[in-house]
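Working notes for the structure below.
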Amino acid sequence: MSGVRISGMRIAGIASAVPDRAHLPTEFYELFGKEEVLKVVNSTGVHKRHLAPPGMCTSDLCVAAANRLLCEGKWDRQSIDAVIFLSQSPDYFLPFTAALIQRRLGLSTECAAFDVNLGCSGYVYGLWLAGSLIAGGGMRRVLLLMGDNTSHVSEEDKSVALIFGDAGAASILDKTEEPGEFIFVLGTDGRGAKNLIIPAGRCRKPSDATTRLRREDKDGNRRSEEELYMNGAEIFAFTLAEVPKMIRQVLTASEKNIETIDSVILHQANKFILEYLAKRMKIPMEKMPLSLGEYGNTSSASIPVTMTHCLRDQLSRRKMDLLLGGFGIGYSWGAVTCTVGEIVMPEMIFLGMDEIDGKP
């Protein structure tokens, strides 16, 4: 789907939250060996990650971000027409997490609420969904929440254990009469689903003693079938094939070029991939901010986390022409060009366990 245009919407605020405890690669020296760990760090660019302790859910991070955003923006909670929770880390198999968030945030019972299961491309898909609700669904204000945690990642699998971090983010999308368009390119290729997957634990392959057992693969990584498997080579090949095409398509559809874009914020997959894409697309690195060194790959939250970490001062004060792009699990991808600025944007939130009250 290329060149979808949504007008009459603006991003009014963004807030991001991570767990307060930072984890360093040195913690894996004994398990994997210093040389192997440094090899992964140099390739991915991940020098630090914030990981949720047991009992801290993605929804807790999203609620913290939403509460800060609503307070600093002085928005009436009863004015939220819809809340979208976009994550692969729900609180429960059921009920859906957005219902619990509606209660915790004190939103109106006339607020629509639903979950969406998406990862790396999720922020762009979320903006498209929120924009569609505003443009054609009669909504005036949508609260978009997204993020993931690493509870499904094996700490004995160096292909993923050193990369992923936990985060949650919140965005307020408002109906507006201001000029401007969000121009989207979206795509899916389910043939790549097997290359980034948790193979067991749900309906297709229910949990049992064998699916919970960790086994060692040919590269010495240990994981169970209920933990994340990533085929890095295939993900890299997919990224090189689809992401440059996606960027060219969204620039063409919006009649823009890299020179007229102030900043290109891509999903923080890993540093090597992002630098390769920048070189191939001739994007100056000063136009492509990176946050993964501090937070790792934070899945659907990585774009707002990067905006908070790298562009907060600018976006709080002035408008910027942005290109946002997500890509990965599914396979799925999405990009959007938009003008964002003079928005409510709190500093990064570092959430502790003592600040959580998440019981249903």
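The values are calculated or read from the model by the stated rules, or taken from the named source; none is laboratory data. Predicted model, so just to flag it, every value in this text is computed and none were measured. Glycine gets a Cβ as well: all are built from the backbone with ideal geometry, and neighbour counts include every protein chain shown.
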Taking into account only those residues within the stretch 201-224 that are of a type in the set (Asp, Glu) and in a loop (DSSP other than H, G, I, E, B), which is nearest to LEU274 (Cα to Cα)? ASP219
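Residues that are touching a Pro at 6+ places or on another chain (Cβ under 8 Å), at least 3 per element: which helices (runs of 4 or more DSSP H) completely within the stretch 1-86 meet that?
Here the list reads 34-44, 58-73.
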What number of residues in the stretch 283-316 are touching a Phe, Trp or Tyr at 6+ places or on another chain (Cβ under 7 Å) and not in a helix (DSSP H, G or I)? 2
From the list ASP60, ASP76, exactly one residue is surrounded by fewer than 23 Cβ atoms within 10 Å (Cβ to Cβ) and farther than 28 Å from ARG222 by Cβ. Which is it? ASP76
Give the stretch 169-224 a look and list any residue that's exposed (fewer than 13 other Cβ atoms within 10 Å of the Cβ), closer than 30 Å to VAL243 by Cα and of a type in the set (Asp, Glu), or say none. ASP217, ASP219
Please indicate, with yes or no, whether at least one residue in the stretch 225-245 is in contact with a Phe, Trp or Tyr (Cβ under 7 Å, 6 or more places away or on another chain), touching a residue at least 24 places away in the same chain (Cβ under 8 Å) and within 24 Å of LEU51 (Cα to Cα). no
Which of (1) over 30 Å from PHE350 (Cβ atoms); (2) modelled with pLDDT under 95; (3) touching a helix residue (DSSP H, G or I) at 6+ places or on another chain (Cβ under 6 Å) is the odd one out, the single condition PHE182 does not satisfy? (2)
Residues of the stretch 285-322 that turn out to be free of Cβ contacts under 8 Å to residues at least 24 places away in the same chain and either more than 18 Å from ILE261 (Cα to Cα) or among the aromatic types (Phe, Trp, Tyr) (or both), as a count: 1
For residues that are outside any helix (DSSP H, G or I) and either polar (S, T, N, Q) or surrounded by fewer than 18 Cβ atoms within 10 Å (Cβ to Cβ) (or both), tally how many sit in the stretch 225-252. 1
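Taking the options GLY334, GLY325, name whichever one is touching a residue at least 40 places away in the same chain (Cβ under 8 Å), assigned to a strand (DSSP E or B) and touching a His at 6+ places or on another chain (Cβ under 8 Å).
Working: GLY334 fails: touching a His at 6+ places or on another chain (Cβ under 8 Å).
One residue alone meets the criteria, GLY325.
Could you say whether any residue in the stretch 95-112 is hydrophobic (A, V, I, L, M, F, W, C), at pLDDT below 95 and surrounded by fewer than 22 Cβ atoms within 10 Å (Cβ to Cβ)?
Just the residues of the stretch 95-112 that are hydrophobic (A, V, I, L, M, F, W, C), to begin with: 96, 98-101, 105, 107, 111-112.
Checking the rest, the ones that are also at pLDDT below 95 come to none.
No: zero hits.
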Matching residues in the stretch 139-153 (touching a Leu at 6+ places or on another chain (Cβ under 7 Å) and either among the small types (Gly, Ala, Ser) or assigned to a loop (DSSP other than H, G, I, E, B) (or both)) number 5
Output for the stretch 253-282, where each listed residue is buried (at least 20 other Cβ atoms within 10 Å of the Cβ) and either of a type in the set (Val, Ile, Thr) or in a loop (DSSP other than H, G, I, E, B) (or both): VAL264, ILE265, HIS267, GLN268, ALA269, ASN270, ILE273
Output for the stretch 59-116, where each listed residue is aromatic (Phe, Trp, Tyr) and within 14 Å of LEU173 (Cβ to Cβ): TRP75
Determine which member of the set GLY330, GLY334, GLY325 is more than 19 Å from ALA17 (Cα to Cα) and surrounded by fewer than 23 Cβ atoms within 10 Å (Cβ to Cβ). GLY330
Please find, within the stretch 63-73, the residue that is farthest from SER16 (Cα to Cα) out of those that are hydrophobic (A, V, I, L, M, F, W, C) and buried (at least 19 other Cβ atoms within 10 Å of the Cβ). LEU70
Would you check which residues across the stretch 93-138 are without any contact (Cβ under 8 Å) to a residue 60 or more places away in the chain, closer than 21 Å to PHE182 by Cα and outside any loop (DSSP other than H, G, I, E, B) and list them? VAL116, LEU129, LEU133, GLY136
Quick check: anything in the stretch 37-46 of a type in the set (A, V, I, L, M), closer than 25 Å to ASP313 by Cβ and crowded, with 21+ Cβ neighbours inside 10 Å? yes
Identify the residue in the stretch 1-60 that is basic (Lys, Arg) and in contact (Cβ under 8 Å) with a residue 12 or more places away in the chain and, among all such residues, is farthest from LEU143 (Cα to Cα). LYS48
Quick check on the stretch 83-92. Is at least one of its residues at pLDDT below 95 and at negative phi? no
